[in-house]
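*Asks:* Here it is, the structure in full.
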Amino acid sequence: MHIRNTKKKIVVLSGIGIATTAALVSMAFFIRNEFQEGIGRPSARPDAQEIRRLAQNTVSSCAKESYRPGCYDREIPKLMDVISMEDAFRVTKIIQDTDRAYNFCHVLGHELSAREVKKKPDSWKTVIARCPSGMCSNGCIHGGMQERFRAESLTDTQTAALVPELQTLCEEKSNWHPTGLERGTCYHAVGHLAMYMTGGDIKKSVVLCDEIVAKGPGRDFMHVCLDGAFMQIFQPLEPEDFALVRGRQPTKETIAAFCNAFTGEAKGSCISESWPLFAEQVKKSEGLTVFCNKEEPAEQDRCYQGMFYVLAIQFQFDASAMQRFCSKLPVMRRGQCSAGMASRLIETDYGNISKAVQFCDDASRYDPAEQCFQQMAASAGFHFHAGSKEFLELCSKLPDRWKQVCAR
């Protein structure tokens with residue numbers, strides 16, 4: 001999760017805020033309500049043949065573009081003038097199967113749900129419930145939240161009034177049964193939204209993450225909320241993002257003093273999310289070591305783990321490049337690297353299960369303890385619902401010695 005540029009970009013949540021007290025009350029009302037069915041869906045769904053035709057036409061129209069993924073990000077949302085969000089994701093899946101250059105579609109997921117929410121803003125929670133799992137790095141959840149509450153920052157009183165409602169926003173609802181990964185994605189989005197609620201005040205946002213996450217049901221997701229808040233500073237995308245943090249962005253020269261103003265998990269997130277300032281450095285194994293060693297000892301493992309997720313995208317999911325990088329790290333980090341990158345493959349697209357298992361197998365030459373397979377087995381119930389098709393597929397494809405661990 002990259003500075004905006006057409007070839008390498010990572011989406012951040014670009015906005016929440018309610019301009020008036022009436023809007024605040026409206027938000028609380030819709031958070032309390034259960035998800036509803038069927039809002040904004042076309043009455044007649046196109047059949048499989050029509051979906052394939054739309055996908056093929058899009059591939060053809062983007063074929064001559066210098067960077068095809070950017071073209072797909074631009075063209076697929078236009079289809080929602082005539083098809084639903086779900087069908088737009090169906091088109092996306094066919095395009096990904098046709099053109100393997102389109103591995104990372106988080107930006108697209110963000111835009112598709114934003115468009116769906118525009119049809120009926122008060123349906124934003126319904127849209128989140130309809131977001132597909134295991135596609136586009138769960139960008140769909142981000143876009144729906146952003147679009148509904150893109151407005152002005154809140155007063156301290158308004159923010160405090162919302163905290164009890166936001167504490168359960170990412171928890172299970174009558175019509176939403178999230179995996180651990182989906183909950184984490186949601187809490188990460190809350191971190192971005194906190195920056196809009198506080199008018200870009202990172203210190204207030206840190207406190208807000210603590211109030212919403214650490215003191216609510218999602219306390220284990222505190223770090224992902226903090227990451228979302230600090231990411232808003234270091235990776236603005238939209239004009240309102242840049243406006244939000246204008247004059248507040250540290251430089252290479254000031255980043256140490258900036259992060260030293262925080263402690264514990266917040267300081268850890270500050271340092272790790274500052275990686276765009278050192279983007280070329282961290283793409284080299286020795287550079288990453290220097291970068292993460294800036295962290296306090298308790299935060300170093302998390303820094304490495306987060307950076308392995310980032311670097312998988314920076315390497316454009318090129319397995320050879322990812323393996324070369326991991327194999328050159330200090331011995332104690334090699335298995336963690338392969339495990340992190342394999343997990344990122346799955347989190348980006350559930351269709352990458354076989355590729356992730358193969359990645360772990362190839363990594364065994366420098367990961368003799370099989371940390372990669374170990375994490376695949378242990379995290380299956382976090383990525384997927386136990387017993388789901390994807391859960392069973394992952395467990396079945398692991399080596400026999402890890403199948404039993406996976407199935408627990």
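Read-outs throughout are calculated quantities, based only on the coordinates presented, and are distinct from any laboratory measurement. Computed from a predicted structure; not experimentally measured. Cβ placement follows ideal geometry from the backbone for every residue including glycine, while neighbour counts extend to all protein chains displayed.
*Asks:* Run the helix sum for the chain: -39,500 (n - 2.57) per DSSP H stretch of 4+ residues, divided by residue count, reported at 222 nm to the nearest 500 deg cm²/dmol. Present the calculation step by step, with values, prior to reporting the outcome.
*Replies:* Values: 22 runs with 246 residues, N = 408.
About -18500 deg cm²/dmol.
*Asks:* Please tell me which of these pairs span more than 21 angstrom C-alpha to C-alpha: Lys252/Lys328; Lys203/Lys267; Lys119/Lys389; Lys355/Lys397; Lys125/Lys173; Lys252/Lys284?
*Replies:* Working: Lys252/Lys328 26 Å; Lys203/Lys267 11 Å; Lys119/Lys389 32 Å; Lys355/Lys397 10 Å; Lys125/Lys173 10 Å; Lys252/Lys284 18 Å.
Distance filter (> 21 Å) returns Lys252/Lys328; Lys119/Lys389.
*Asks:* Then there's this: Magnitude of the Cβ-charge dipole of the chain, K/R +1 and D/E -1, about the Cα centre, nearest 20 debye?
*Replies:* Working: 50 positive and 49 negative charges, 142 e Å.
Magnitude of the dipole: close to 680 debye.
*Asks:* Could I ask something else about it? Might you report the magnitude of the Cβ-based charge dipole of segment 315-408 about its Cα centre, with Lys and Arg at +1 and Asp and Glu at -1, to the nearest 20 debye? Don't skip to the answer; put the middle values down first.
*Replies:* Details: 12 positive and 10 negative charges, 48 e Å.
Magnitude of the dipole: close to 220 debye.
*Asks:* Can you tell me which aspartates and glutamates have their Cα less than 17 Å from the Cα of Lys283? Leave out same-chain residues fewer than eight positions away.
*Replies:* Glu273, Asp318
*Asks:* Here is a further query. If packing is taken as the average count of other Cβ atoms within 10 Å, what order do 52-61, 177-186 fall into, highest mean first?
*Replies:* Details: 52-61: 16.2, 177-186: 19.6.
Going from most to least packed, we get 177-186, 52-61.
*Asks:* Loop-only trypsin sites (Lys or Arg not before Pro) in segment 227-273, please: DSSP not H, G, I, E or B, and at most 10 other Cβ atoms within 10 Å.
*Replies:* Details: sites: Arg246, Arg248, Lys252, Lys267; in loops: Arg246, Arg248, Lys252.
Taking segment 227-273 and a limit of 10 other Cβ atoms within 10 Å, the loop trypsin sites (Lys or Arg not before Pro) found are Arg246, Lys252.
*Asks:* Using the basic label-point model (7 angstrom from Cα toward the beta carbon), what is the Tyr67 to Glu393 distance in nanometres?
*Replies:* Calculated label separation equals 2.9 nm.
*Asks:* Mind listing which chymotrypsin sites (Phe, Trp or Tyr not before Pro) in segment 223-261 are in a DSSP loop and have 11 or fewer other Cβ atoms within 10 Å?
*Replies:* Values: sites: Phe230, Phe234, Phe242, Phe258; in loops: none.
For chymotrypsin sites (Phe, Trp or Tyr not before Pro) across segment 223-261 that sit outside H, G, I, E and B with at most 11 neighbouring Cβ atoms in 10 Å, the list is empty.
*Asks:* A further question follows. Just want the answer: with Cβ charges of +1 for Lys and Arg and -1 for Asp and Glu, which residue in Ser60, Trp176, Pro121 is farthest toward the dipole's positive end in the chain?
*Replies:* Selected residue: Ser60.
*Asks:* Report, in debye and to the nearest 20, how large the dipole of segment 156-297 comes out about its Cα centre when Lys and Arg carry +1 and Asp and Glu carry -1 on their Cβ.
*Replies:* For segment 156-297, the charge dipole is close to 240 debye.
*Asks:* While we're looking at this one, here's another question. At 0.36 nm per residue, minus the direct Cα-Cα distance, what do Glu286 and Glu50 gain on full extension? Give it in nm, one decimal, please.
*Replies:* Values: separation 236, 0.36 × 236 = 84.96 nm, distance 5.01 nm.
Taking Glu286 through Glu50 to full extension adds about 79.9 nm, to one decimal.
*Asks:* Suppose R0 equals 56 Å. What FRET efficiency, 1/(1 + (r/R0)^6) with r the Cβ-Cβ distance, do Ser364 and Ala243 give to the nearest 0.05? Can you show the working numbers first?
*Replies:* On the way: r = 49 Å, r/R0 = 0.87.
After rounding, the FRET efficiency stands at 0.70.
*Asks:* So, one more: What order do you get for 310-321, 199-210 when each peptide is scored by the mean count of other beta carbon atoms within 10 Å, highest first? Before the final figure, lay out each step's value.
*Replies:* On the way: 310-321: 18.0, 199-210: 20.1.
Ranking, from highest mean packing down: 199-210, 310-321.
*Asks:* In the set (1) 139; (2) 223; (3) 152, which value of volume of the Cα convex hull per residue in Å³ was calculated from the structure you see?
*Replies:* Given (1) 139; (2) 223; (3) 152, the calculated one carries the label (1).
*Asks:* Please compute the modelled spin-label separation between His177 and His385, points set 7 Å along Cα→Cβ, answer in nm with one decimal.
*Replies:* Using points 7 Å along Cα→Cβ, the separation is 0.4 nm.
*Asks:* I would also like to ask the following. In percent, what relative contact order does segment 196-337 have, based on Cα pairs under 8 Å that are 6 or more apart in sequence? Don't jump to the answer; show the numbers that get you there.
*Replies:* On the way: 109 pairs, mean separation 23.3, N = 142.
Computed over segment 196-337, the figure is 16 percent.
*Asks:* For the ranges 127-137, 69-79, what's the packing order if you count other beta-carbon atoms within 10 Å of each residue, average per peptide, and put the highest first?
*Replies:* Numbers: 127-137: 23.5, 69-79: 19.5.
Most protected by this proxy first, the peptides run 127-137, 69-79.
*Asks:* Tell me the label-point distance for the pair Asn57, Lys403, using the 7 Å Cα-to-Cβ offset, in nm and rounded to one decimal.
*Replies:* The two pseudo-label positions are separated by 4.6 nm.
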